[in-house]
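K.L.:
Pasting a structure here, questions to come.
The values are calculated or read from the model by the stated rules, or taken from the named source; none is laboratory data. This is a predicted model, so every value here is computed, not measured. We place every Cβ from the backbone using ideal geometry, glycine too, and count neighbours over all the protein chains shown.
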């Protein structure tokens, strides 16, 4: 038997005997993470392209003016710890709060007024003057959403030029409760600031409310870009991209990758929810921690109602006396019934109604809490409601517009 001593021949034969190895594909987790990250980046870039009003990068910083820096030439105002309370308009129904400024308009395309408690029927506008036409005053109507003034976008306004020498907020219309002005801020609205504002909106503390047991809207009451719809678009875009690449490259389809995209979006939403929950726990402890049962009720949101019911129970006989509840607000009808149990309580859960006088009998009680349409003649001891026939009754308790009456 002959043996070749040529090492090159042996090397060639050794290579030929080794089977070809298939290229190793990336793990599904890595593929899903890359697709999700790329989709997030693409969606944010698209959003910034449509939402950034000025240059993406700027050295300008936001300029803040506090409530104490404002003058009020029209209307009556009162400065307090929370801000400037605009109490009463002038005789023409006008309220004006103004401030002197000096900044370049091109660096600040957005002006945000921190104003709340604006009632329906009051119109708002922003006034300003510039160095090019100092004798003129320019105005822009401001939108009001849920009692708050929306930010003013001025980048495309032809009169928003040069150096801005003064800003003012004008309100037209009458109001009986004060409107709170905390200040105003001029923002450069670069790409980084827009992203910071969106993140701040998503992470803003959202206290528990009537719907919190089932859902969370997500951060600030008003948002320019809601996080759940954004993540839905991110997942959809990433899933479509994965299907397209898998089909084009002829690779196998991994359901785990698509499932991972949904899990990633869910994890982000849940992390935001958990962060909100941690802050809610702190607030709840500060509100109720270390208090007795009675003190906790007096610290709750319906503390005024609880205090009134507590006084009423002390003047009523033990259960099961019949108690009818009258309140304009549905929430108060439910809560009053809760605080009155185990009395035999009646209230209309759907409509603001009280049974007719014929449905009541001697010894029944009518509890009235912030309810219009109820009249009581103290001299004649007659009670009537909603234009019905009067019935004899005694006033048992009267407390700040609320009353407990006993039917004779």
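K.L.:
Taking residue 349 and the conditions (1) surrounded by 14 or more Cβ atoms within 10 Å (Cβ to Cβ); (2) in contact with a helix residue (DSSP H, G or I) (Cβ under 9 Å, 6 or more places away or on another chain), which numbered condition does it fall short on, given that it satisfies the others?
P.N.:
(1)
K.L.:
Sticking with this one: Can you pull out every residue in segment 386-399 that is free of Cβ contacts under 8 Å to residues at least 24 places away in the same chain and in a loop (DSSP other than H, G, I, E, B)?
P.N.:
Within segment 386-399, just 387 meets the criteria.
K.L.:
Can you give me the number of residues within segment 338-385 that are in contact with a strand residue (DSSP E or B) (Cβ under 8 Å, 6 or more places away or on another chain) and assigned to a loop (DSSP other than H, G, I, E, B)?
P.N.:
Going through segment 338-385 one residue at a time, the tally reaches 15.
K.L.:
Right, another one. For segment 89-102, how many residues are part of a loop (DSSP other than H, G, I, E, B) and either closer than 18 Å to residue 67 by Cβ or touching a strand residue (DSSP E or B) at 6+ places or on another chain (Cβ under 7 Å) (or both)? Steps first, please.
P.N.:
Pass one, segment 89-102, residues part of a loop (DSSP other than H, G, I, E, B): 89-93.
Those still in the list that are either closer than 18 Å to residue 67 by Cβ or touching a strand residue (DSSP E or B) at 6+ places or on another chain (Cβ under 7 Å) (or both) too: 89-90, 93.
Counting residues in segment 89-102 that are part of a loop (DSSP other than H, G, I, E, B) and either closer than 18 Å to residue 67 by Cβ or touching a strand residue (DSSP E or B) at 6+ places or on another chain (Cβ under 7 Å) (or both) gives 3.
K.L.:
Could you check segment 154-164 and list, in sequence order, the residues that are loosely packed, with under 15 Cβ neighbours inside 10 Å and assigned to a strand (DSSP E or B)?
P.N.:
Within segment 154-164, 163 is the sole residue that qualifies.
K.L.:
Another question, then. With respect to residue 71, is the statement that it is modelled with pLDDT of 85 or more, over 27 Å from the mean Cα position of the chain (by Cα) and under 30 Å from residue 153 (Cβ atoms) true?
P.N.:
yes
K.L.:
So residue 139 fits all but one of (1) at pLDDT 95 or above; (2) buried (at least 16 other Cβ atoms within 10 Å of the Cβ); what number is the exception?
P.N.:
For residue 139, the failing item is (2).
K.L.:
Going by the conditions given, is residue 86 farther than 30 Å from residue 172 by Cα, at pLDDT 90 or above and either over 31 Å from the mean Cα position of the chain (by Cα) or in a strand (DSSP E or B) (or both)?
P.N.:
When the stated conditions are applied, residue 86 does not pass them.
K.L.:
Here are some conditions: (1) over 22 Å from residue 176 (Cα atoms); (2) in contact (Cβ under 8 Å) with a residue 24 or more places away in the chain; (3) touching a strand residue (DSSP E or B) at 6+ places or on another chain (Cβ under 6 Å). Residue 140 meets all but one. Which one does it not meet?
P.N.:
(2)
K.L.:
I would also like to ask the following. For segment 84-119, how many residues are surrounded by fewer than 20 Cβ atoms within 10 Å (Cβ to Cβ) and farther than 26 Å from residue 130 by Cα?
P.N.:
Of the residues in that region, 10 qualify.
K.L.:
Please go through segment 232-264 and give me each residue that is touching a residue at least 12 places away in the same chain (Cβ under 8 Å) and part of a loop (DSSP other than H, G, I, E, B), ordered by number.
P.N.:
251, 254
K.L.:
Turning to a different aspect of this structure: With respect to residue 346, is the statement that it is within 20 Å of residue 384 (Cα to Cα), under 37 Å from the mean Cα position of the chain (by Cα) and in the same structural domain as residue 371 (by TED's automatic domain parsing) true?
P.N.:
yes
K.L.:
Still on this structure, please answer the following. For segment 153-169, does any single residue satisfy the condition of being at pLDDT below 90 and under 20 Å from residue 188 (Cβ atoms)?
P.N.:
So far as segment 153-169 goes, yes, one or more of its residues are at pLDDT below 90 and under 20 Å from residue 188 (Cβ atoms).
K.L.:
Which count do you get for residues in segment 39-61 that are under 18 Å from residue 241 (Cβ atoms) and free of Cβ contacts under 8 Å to residues at least 40 places away in the same chain?
P.N.:
Final tally of qualifying residues: 3.
K.L.:
Additional query: Residue by residue through segment 52-64, note down the ones that are modelled with pLDDT of 95 or more and surrounded by fewer than 16 Cβ atoms within 10 Å (Cβ to Cβ).
P.N.:
Result: 64, single match.
K.L.:
Another question, if that's okay. Scanning for something in the same structural domain as residue 77 (by TED's automatic domain parsing), within 28 Å of residue 85 (Cα to Cα), in contact with a strand residue (DSSP E or B) (Cβ under 8 Å, 6 or more places away or on another chain) and loosely packed, with under 15 Cβ neighbours inside 10 Å, does segment 177-191 turn up at least one residue?
P.N.:
For segment 177-191, residues in the same structural domain as residue 77 (by TED's automatic domain parsing), within 28 Å of residue 85 (Cα to Cα), in contact with a strand residue (DSSP E or B) (Cβ under 8 Å, 6 or more places away or on another chain) and loosely packed, with under 15 Cβ neighbours inside 10 Å: present.
K.L.:
Next question. Go through 258, 233 for me and flag whichever is at pLDDT 95 or above, out of contact with any strand residue (DSSP E or B) (no Cβ under 9 Å at 6 or more places or on another chain) and under 29 Å from residue 49 (Cβ atoms). Steps first, answer last, please.
P.N.:
Working: 258 fails: at pLDDT 95 or above.
When all the criteria are applied, what remains is 233.
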